[in-house]
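K.L.:
Got a structure for you, written out below as C-alpha cells; questions coming shortly.
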Amino acid sequence: MSAEATNPATPGPITPEAPRRRARPRIDLRRLGRAALLGSATRDRLPDAISHVVEAHRAHYPDSDLEPLRRAYVLAESSHRGQMRKSGEPYITHPLAVTLILAELGAEATTLTASLLHDTVEDTEVTLDQVRTEFGEEVAYLVDGVTKLEKVDYGAAAEPETFRKMLVATGNDVRVMSIKLADRLHNMRTLGVMRQEKQERIAKVTRDVLIPLAERLGVQALKTELEDLVFAILHPEEYKQTRELIAANAARTEHPLDEIAEEVRGVLREAGITAEVLIRPRHFVSVHRVRRKRGELRGADFGRLLVLVSEDADCYGVLGELHTCFTPVVSEFKDFIAVPKFNLYQSLHTAVARADGEVAEVLIRTHQMHKVAEAGVVALGNPYTPSGEEHLDTVGERSDPTRPGWLSRLLDWQQSAPDTDTFWSTLREDLAQDREITVFRPDGGTIGLPAGASCIDAAYAQYGEDAHACIGARVNGRLAALGTVLSDGDTVQLLMDQDAASEPSRDWLDHAKTPAARIAIRRWLTAHPEGPRAPEPEPEPRAAYSGPSARPAAANAVVDQPGAGVRLAGCCTPVPPDEITAFAVRGGVVTVHRVECSGVARMKAAGRAEIGVRWADAETAEYRVTLIAESFSRPHLLADLTEAIALEGVAIISATVDPPDQGRVRHTYTLQLPDADRLQNLMRAMRNVPGVYDVDRARHAAAGAH
C-alpha cells in the first residue's frame, strides 16, 4: 500500500514522446474517490468512477465485454471502502489509476480486471479463492502473482528477493510485470508525501531495475515517464534546468520542426504515399541526454518527426523519398524493421538535413509498429489465447509466445544463482546492458546476447552447462579466440570437444559478460577447486624428435641436369601432383620447390636460374611432406593425432609443438608417405581429430643456403 499526493517538484503524469493529440484532462483522484464512494453501481449500469477506464479500453477493444470490469470494480471498491491513502484519497483511487494506465496502453480485459483487484487479496478480507470463483483461474493467477510481489515491497533487505519473485512470476505471464510496472508508475507519480530519503531509495530501485525491465518489455510509454520521475527526484537541479529549456523552446513563435514536418508532408504527397507526419517531443531525460552529447541545443533537437504509414513497404518508400529530397545523415540510419530489437520494437531511424543546416531525426513505422513501440507486450493482448484457446507446451505448462528471449535466459540463470545477493548483483549487471545484439548460428538459428558479449557467452546461451566442453569458435568463417567480442549480425560456429573432456578455465570469467555464463563457470570452479585437469605432457616447445626413417628425402623427379643429385626442399616439401620448379645449389645438388613456395620468388628476384623438373612415374617411391595442424588445447590431443597418422600407414619423421597461445596449439609434423595419393586422406583424418580445426602444408621461409 502506498501513498501519495502529487509532489510539485516532480513532473505530473505525462505521455512523453507520444504523437500530438487532443490533450486528455488530468484525472482528479479526489473526484474519482468520491464517485467510488457515492456513485451508483447497479448490475445494469457501469459505475461512473470507471468511465475513464471504459473509454480508454473501448478505443482499443470496441466489442469488449465490460461486465467483468464492472464486477471487479464493485468488489474492489467495497473491499477497500474505509481505507485511505496517506494523501487523503480513498484507496480505491490507486487501483483505478493503475487500471487506467494499462487501459490507455491497450491492455485486454483480463489484465484490467486483475489490475482493479491487484491489492484486494493483500489488503482486504477478499481471498484468492473468492477471486478465482468470481473471475476465473486466469484473473486469480495474475492477482496472486502481483500479491506475492507486494508482500515484501520497498524493504531494503527484501528488495532483491522481491524482484527475484517478480521474475519467476513474470516468466509464467508477462502481464504480471505489466501490472507491477503500472503500479510503480502511479506510486512514483505520487511520492510527495513520503520522506525525501524514502523517495530517493524507491527512485534508485526504479532506475536500476524497473526502468530496464520496462525497456526490455518494450513498454516505452511507461519507461520514459518513469525516467522523468526518477530524474526529478535524484537530479532536481538538472531536471529544473531541462524543464526551463523545454519551456523556452515551447514559447518560440516559429519552430524548425514545424517547417520540416510540412516539407516532409509535401514530399510524400507528391510521391503518392499516404502518411501521417507528427512531431514527437522529446521527454525530459531525452533532452538532457542530447544536451550533454551536443552542447547547445537547436530547435530541432527538442523533438523528432514520426511518420506513420499502413504497410511495411511504405516505410521504405518514405525512406527513399526523404533521402532523395533531403541530405541524409548516413551515420544515423538504422533498420529495426528488418532486424527488430529484442523488445519487439520496429522502426526505421534516419536523420535528414536542410540547406540551412537544421537536422531532424525521423522515425518511420506502421501504425501497428507504433502501437507495439509504445506499449510493447501489453499491446499484444492475451498471449495465451490468440485464437480463443489456451496454449500449453508439451508438459502441460503455460507457454508464452510473446516472452522475450532475454527473459527466458534470465529465468534460467536465476534458478542457478546460489544466493539472493549473487542474484541481485548479477541482475543489476545484466539490466545495465543498454542494448542487445543478435548473432547467427550456421544452422540459421539466432542467439540474443547483450552488447559486449563474447564467444563464451554465445556458447553458454546455446548449450547451457554443456558449454564447458567448448574448445573454440569460428566467427564469420574465421577462427576466433573464445574471448572474442561479438558484433550484431556475426555468424558464430561453436566448436565442441566431442568427448566432453575439455573444461572451463578461470580465465573465461574475464571474457564472460552474461549471467548464465558467469554463474555456470563459477559453479564449476567451486565444485572443482583443484581447477581443470592438467593436460597430458606434450613435447617441449620446438623440441624436434626423429623417427626411424630420419634420412634425407629421396626425390622421384627427373631434372634437366644429368648427373645432378636431387632433393626436396624442406621449406615446402613438395609431393606429386604439386607443380614444381628447381634451382641448383652448392655441391652439384638440385633442390626442388613447390611453385608457390615463397623461396622461389626470392631466388628468381635474385637472378637464380630455374632448372626444368618434373615428377617421374614410379609407383614405389616414398615422399616426405611437412604438415601443420592447428588445434585447440585439450587433454590427449597429441596421442589422438599420432594415432590418426599411424592408422593411415604414414611414418612420423619429426614433430614439434609450439607453446599454447590463447588456448590454441600448433603441431608441425614431417611425415614419410608411402605414396603421394595418401596425402589428402591423411590430412582429412587429422582434421577429423576432435579439437583440430585446420591442417595444411608447411609454408616456411626458404633456407638461406638456397
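K.L.:
Looking at segment 631-672 only, could you name the residues that are part of a loop (DSSP other than H, G, I, E, B) and of a type in the set (Gly, Ala, Ser)?
P.N.:
Applying the first criterion (part of a loop (DSSP other than H, G, I, E, B)) to segment 631-672 yields 633-636, 648-650, 658-660, 662-663.
Those that are part of a loop (DSSP other than H, G, I, E, B) and of a type in the set (Gly, Ala, Ser): SER633, GLY649, GLY663.
K.L.:
Considering (1) modelled with pLDDT of 85 or more; (2) loosely packed, with under 15 Cβ neighbours inside 10 Å; (3) aliphatic (A, V, I, L, M), say which one LEU641 fails and leave the rest.
P.N.:
(2) is the only condition that LEU641 fails.
K.L.:
Residue check: is ARG624 modelled with pLDDT of 80 or more and either farther than 28 Å from GLN493 by Cβ or touching a strand residue (DSSP E or B) at 6+ places or on another chain (Cβ under 7 Å) (or both)? Full working, then the answer.
P.N.:
Working: modelled with pLDDT of 80 or more: no; either farther than 28 Å from GLN493 by Cβ or touching a strand residue (DSSP E or B) at 6+ places or on another chain (Cβ under 7 Å) (or both): yes.
Answer is no for this residue.
K.L.:
Across segment 673-701, what is the number of residues that are part of a loop (DSSP other than H, G, I, E, B) and within 23 Å of HIS636 (Cα to Cα)? Please lay out each step first, then the result.
P.N.:
Kept after step one, since they are part of a loop (DSSP other than H, G, I, E, B), are these residues of segment 673-701: 674-675, 688-691, 698-701.
Add one more test, that the residue is within 23 Å of HIS636 (Cα to Cα), and what stays is 688-691.
Qualifying residue count, segment 673-701: 4.
K.L.:
Right, something else. I'd like the full set of residues that are polar (S, T, N, Q), modelled with pLDDT of 95 or more and out of contact with any Pro (no Cβ under 9 Å at 6 or more places or on another chain), limited to segment 348-368. Lay out the reasoning, then the answer.
P.N.:
To start, the set of residues in segment 348-368 that are polar (S, T, N, Q) comprises 350, 366, 368.
This time we only want the ones that are modelled with pLDDT of 95 or more, so: 350, 366.
Selection gives THR366 alone.
K.L.:
Restricting to segment 488-499, name every residue that is under 13 Å from the mean Cα position of the chain (by Cα) and under 24 Å from LEU525 (Cβ atoms).
P.N.:
Looking only at segment 488-499, we keep the residues that are under 13 Å from the mean Cα position of the chain (by Cα), and these are 488-490.
Correct list: empty.
K.L.:
When the residues of segment 443-487 are filtered to those that are touching a residue at least 60 places away in the same chain (Cβ under 8 Å) and not aliphatic (A, V, I, L, M), which remaining residue is nearest to ARG523 (Cα to Cα)?
P.N.:
First pass over segment 443-487, keeping only residues touching a residue at least 60 places away in the same chain (Cβ under 8 Å): 448-450, 452-453, 456-457, 460, 471-472, 474, 479, 481-483.
Subset that is not aliphatic (A, V, I, L, M): 448, 450, 452, 457, 460, 472, 474, 483.
Details: GLY448: 23, PRO450: 21, GLY452: 22, ASP457: 15, TYR460: 13, GLY472: 21, ARG474: 26, GLY483: 19 Å.
Selected residue: TYR460.
K.L.:
Name the helices (runs of 4 or more DSSP H) wholly within segment 171-282 that hold at least 3 residues that are among the polar types (S, T, N, Q) and free of Cβ contacts under 8 Å to residues at least 60 places away in the same chain?
P.N.:
On the way: elements: 174-189, 196-205, 211-216, 220-234, 236-250, 256-270.
Helices (runs of 4 or more DSSP H) meeting the threshold: 236-250.
K.L.:
List every residue pair whose Cβ atoms lie under 8 Å apart, where the two residues are 6 or more positions apart in sequence or sit on different chains, the first residue falls within segment 561-590 and is outside the structural domain of ALA606 (by TED's automatic domain parsing) and charged (D, E, K, R), and the second residue, located anywhere, is in a loop (DSSP other than H, G, I, E, B) and modelled with pLDDT of 70 or more.
P.N.:
none
K.L.:
Only one of these is surrounded by fewer than 20 Cβ atoms within 10 Å (Cβ to Cβ), at pLDDT 90 or above and not polar (S, T, N, Q): GLU161, GLU137. Name it.
P.N.:
Working: GLU161 fails: at pLDDT 90 or above.
Only one candidate passes the filter, namely GLU137.
K.L.:
Identify all residues within segment 338-360 that are under 30 Å from ALA107 (Cα atoms) and either surrounded by 19 or more Cβ atoms within 10 Å (Cβ to Cβ) or touching a residue at least 40 places away in the same chain (Cβ under 8 Å) (or both); write none if there are none. Lay out the reasoning, then the answer.
P.N.:
Looking only at segment 338-360, we keep the residues that are under 30 Å from ALA107 (Cα atoms), and these are 338-349.
Answer for segment 338-360, where residues must be under 30 Å from ALA107 (Cα atoms) and either surrounded by 19 or more Cβ atoms within 10 Å (Cβ to Cβ) or touching a residue at least 40 places away in the same chain (Cβ under 8 Å) (or both): VAL339, LYS341, PHE342, ASN343, LEU344, TYR345, GLN346, SER347, LEU348.
K.L.:
Search segment 315-337 for residues being over 28 Å from the mean Cα position of the chain (by Cα) and among the hydrophobic types (A, V, I, L, M, F, W, C), and hand back the single one that is surrounded by the fewest Cβ atoms within 10 Å (Cβ to Cβ).
P.N.:
CYS325
K.L.:
Just checking, which of ARG184, ARG201 is charged (D, E, K, R) and touching a Ser or Thr at 6+ places or on another chain (Cβ under 8 Å)? Walk me through it before giving the result.
P.N.:
Numbers: ARG201 fails: touching a Ser or Thr at 6+ places or on another chain (Cβ under 8 Å).
The conditions single out ARG184.
Residues checked against (1) without any contact (Cβ under 8 Å) to a residue 40 or more places away in the chain; (2) crowded, with 20+ Cβ neighbours inside 10 Å; (3) touching a Phe, Trp or Tyr at 6+ places or on another chain (Cβ under 7 Å); (4) not aromatic (Phe, Trp, Tyr):
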position: GLU104; (1), (2), (3), (4): no, yes, no, yes
position: ALA107; (1), (2), (3), (4): no, yes, no, yes
position: THR110; (1), (2), (3), (4): no, yes, no, yes
position: HIS118; (1), (2), (3), (4): no, yes, no, yes
position: LEU128; (1), (2), (3), (4): yes, no, no, yes
position: TYR141; (1), (2), (3), (4): yes, yes, no, no
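K.L.:
Okay, next question. Is it the case that some residue within segment 223-230 is at pLDDT below 80 and of a type in the set (Ser, Thr, Tyr)? Spell out how you get there, then give the answer.
P.N.:
The initial filter retains those residues of segment 223-230 that are at pLDDT below 80, namely none.
Scanning segment 223-230, I find no residue that is at pLDDT below 80 and of a type in the set (Ser, Thr, Tyr), so the answer is no.
K.L.:
Something else: Within segment 598-620, identify whether any single residue is in contact with a Cys (Cβ under 6 Å, 6 or more places away or on another chain), at pLDDT 60 or above and surrounded by 17 or more Cβ atoms within 10 Å (Cβ to Cβ), and answer yes or no.
P.N.:
Yes: one or more hits.
K.L.:
Does PRO95 satisfy being under 24 Å from GLY376 (Cα atoms) and surrounded by fewer than 20 Cβ atoms within 10 Å (Cβ to Cβ)?
P.N.:
Details: under 24 Å from GLY376 (Cα atoms): yes; surrounded by fewer than 20 Cβ atoms within 10 Å (Cβ to Cβ): no.
So PRO95 does not fit the description; no.
K.L.:
Got at least one residue in segment 441-449 being at pLDDT 85 or above and either surrounded by fewer than 19 Cβ atoms within 10 Å (Cβ to Cβ) or farther than 27 Å from LEU210 by Cα (or both)?
P.N.:
Scanning segment 441-449, I find at least one residue that is at pLDDT 85 or above and either surrounded by fewer than 19 Cβ atoms within 10 Å (Cβ to Cβ) or farther than 27 Å from LEU210 by Cα (or both), so the answer is yes.
K.L.:
Please indicate, with yes or no, whether at least one residue in segment 452-467 is at pLDDT below 85, surrounded by fewer than 20 Cβ atoms within 10 Å (Cβ to Cβ) and in a loop (DSSP other than H, G, I, E, B).
P.N.:
Within segment 452-467 (the criterion being at pLDDT below 85, surrounded by fewer than 20 Cβ atoms within 10 Å (Cβ to Cβ) and in a loop (DSSP other than H, G, I, E, B)), the answer is no, since none of the residues qualifies.
The values are calculated or read from the model by the stated rules, or taken from the named source; none is laboratory data. The shown structure was predicted, so the numbers you read here are calculated from the model rather than taken from an experiment. Cβ coordinates were reconstructed from backbone atoms using ideal geometry, including for glycine residues, and neighbour counts include every protein chain displayed.
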